[in-house]
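Below you'll find the structure, written out as C-alpha cells, and then a few comments.
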Amino acid sequence: MTDELILANARLVLPGETLIGSVKVAEGKIADISGGASVPAGAVDCEGDYVCPGLVELHTDNLERHIQPRPKVDWPHASAIIAHDAELAGTGITTVFDAMRVGSISRRESRYGAYARQLASELLELRAADALKISHFLHLRAEICTDTLVDELKAFGEEDRVGLVSLMDHTPGQRQFRDISKLEQYVKGKHGFDDAAFQAHVAHLMELQETYGAVHEAEAVKAANRFGAVLASHDDTTEAQVAVSAGHGIRLAEFPTTVEAAQACHAHGIKVMMGAPNLIRGGSHSGNVAAHELAEMELLDILSSDYVPAALLMAAVKLGGLWGDMARGLGTVTHAPADAVGLEDRGRMEAGKRADLIRFGIKADTPALRGVWSRGVRVA
C-alpha cells in the first residue's frame, strides 16, 4: 500500500451530494476529505473529474465467461481468474461477489456440470497469494431445481468467504422465463436444439422442479445461514413469490421481473437490484420490466453489471442524469450494494473507510475512467 495519496481539485461524490475538494489516502484508508479546488504539492490534480468510491458488484457472470469463453472450451482457471480480476478493475469495480452456480443436472446429456468448489478454491488461493487486484467474495447461485444442489452446497463452509446466496429457479413458464418463447429463442440459439430437443428439455426441467423445488429451496436457506451469507431472491414476479422471499428473511431481490414484484419488495423492506445492461439497452432481453421504469417509479435501489462489467459505471451515470442527482445515481453502485451485504468498511467516501476509489470524466454522456485504486494502490 502507498504511504500517501491526495486526489485534489476533484468533484467528490459523497453520500447525498457532490462537491469540489480533495481526498487524502494513507495506509490504504481514507484519511481526510476537504473542500476547495486547491492542489497541494505532490497531489494529483483531477481537473474537476469525478472521484467516488470504487464500485461494488454483487452479481456478475463474468468469471464463468472467462473459464468457458466458447461452448465446450475450458480455459485454465488461474489465467481466467486473473484476467477477470483485471477486467473488473479496468471498469472501476473494486469489490466483486463472483457468481458461481451450484446445482447441476446429472443426466448424461446435460451441458451443466459441477465446477464451483474447484473454481472457488483456486480463486481463494490466488487471493491468499496476493495475485488479485481487487476484493473478491463468493456469490453462490443456488439452482434449486437440480439434483446435485445439496451435495454441492455441503462442499462449502464458513471459511470460504461466501457472502451471498441467491435462490434460482429457471423452470419454464414462470419468473424470468414466464414467456416460454423467450426461453426457446435463448436455448435454441445457445445449444442448437431442434423443436423435439427443446420440448424434452422443458419437460425435464418441470419434472426437476416438482421433485426438488421446495426441498432444495429450504436447504439453500439453511446453507446461507450456515455460511453467514446474505440471502437473495431471484426473478420474483408476483406478490406471492415476494411474500415467500420475505418469509425466508430475504432483504435483497435480484432482478424482479414485474412492477408488481418490485412494489411488493419495497412493501416488505426488500431492496431491489436491477441489471445495468437492462437500463442501458432500455429494456430486458427476456421481455421483463425495464429498469428505467422502476427507477422512474422510485423502485430501484441497486445496480448490477450482470453480464457486462463496463455497464455498471455507465448505468449509474445514466441514473444520475435520469434522477437529476449524480450522487444518488452513483450510490446504487457504491454504498447501496455495500450496505445490502453488510460491508461497512467501503462504499462511502468517509474518513476511516477503505481507500477504494475511482476517477472518471464524462464525455458525450459516457463515463471515461482515468484511475482506479484499491486500498490506495492504483490498479487501473
State the extension gain, in nm to one decimal, for the chain segment bounded by Ala26 and Val377, taking 0.36 nm per residue of separation less the distance between their alpha-carbons. 125.3 nm
Roughly what angle does helix 116-128 make with the longest principal axis of the chain, taking Cα atoms, 0 to 90 degrees, to the nearest 10? 20 degrees
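Under a 1.4 angstrom probe, counting protein chains only, how are Glu296, Glu254, Glu158, Glu64 ranked by accessible area, largest first?
Glu158, Glu296, Glu64, Glu254
What whole-number value in cubic angstrom gives the convex hull volume per residue for the C-alpha atoms of the chain? Show your work: numbers first, answer last.
Working: hull volume 49.4 nm³, N = 380.
Spelled out: Cα convex hull of the chain, divided by residues, is 130 Å³.
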Students often get this wrong, so check it: of Lys318/Lys353; Lys222/Lys318; Lys133/Lys271, which have C-alpha atoms separated by over 32 Å? Lys222/Lys318
Aspartates and glutamates with Cα under 20 Å of Lys363, excluding same-chain neighbours fewer than 8 positions away: Asp45, Glu47, Asp49, Asp325
Taking all protein chains as present, what is the carbon and sulfur share of the accessible area of the stretch 1-124, in % to the nearest whole number, probe 1.4 Å? 50 percent
Using 0.36 nm times the number of residues separating Glu47 and Gln118, minus their current alpha carbon distance, what extension gain do you get? 21.0 nm
Relative to the first principal axis of the alpha-carbon coordinates of the chain, what is the inclination of helix 77-89, with its axis defined by its Cα atoms, in degrees from 0 to 90 and to the nearest 10? 50 degrees
Amide H neighbours of Ala380 under 5 Å, counting only residues 5+ apart in sequence or on other chains, H built in-plane at 1.01 Å? Val372
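So in the chain, what percent of DSSP beta bridges are antiparallel if you round to the nearest 5?
Percent antiparallel among DSSP bridges in the chain is about 45.
Rank these by accessible area, largest first, 1.4 Å probe: Phe137, Phe156. Before the final figure, lay out each step's value.
Working: Phe137 30, Phe156 5 Å².
If we order Phe137, Phe156 from most to least accessible, we get Phe137, Phe156.
Averaged per residue, what accessible surface does the chain expose to a 1.4 Å probe, in Å²? Walk me through the numbers before you get to the answer.
On the way: 15960 Å² over 380 residues.
That works out to 42 Å² for each residue.
Suppose a student asked you for the relative contact order of the stretch 1-145, using Cα pairs under 8 Å spaced at least 6 residues apart; what percent would you report?
Working: 243 pairs, mean separation 28.2, N = 145.
Over the stretch 1-145, the number comes to 19 percent.
The values are calculated or read from the model by the stated rules, or taken from the named source; none is laboratory data. For clarity, every value in this text was computed on a predicted model and none was experimentally measured. These accessible areas exclude ligands, DNA and RNA; they are computed on the full protein's heavy atoms, side chains included. Shrake-Rupley method; radii C 1.70, N 1.55, O 1.52, S 1.80 Å.
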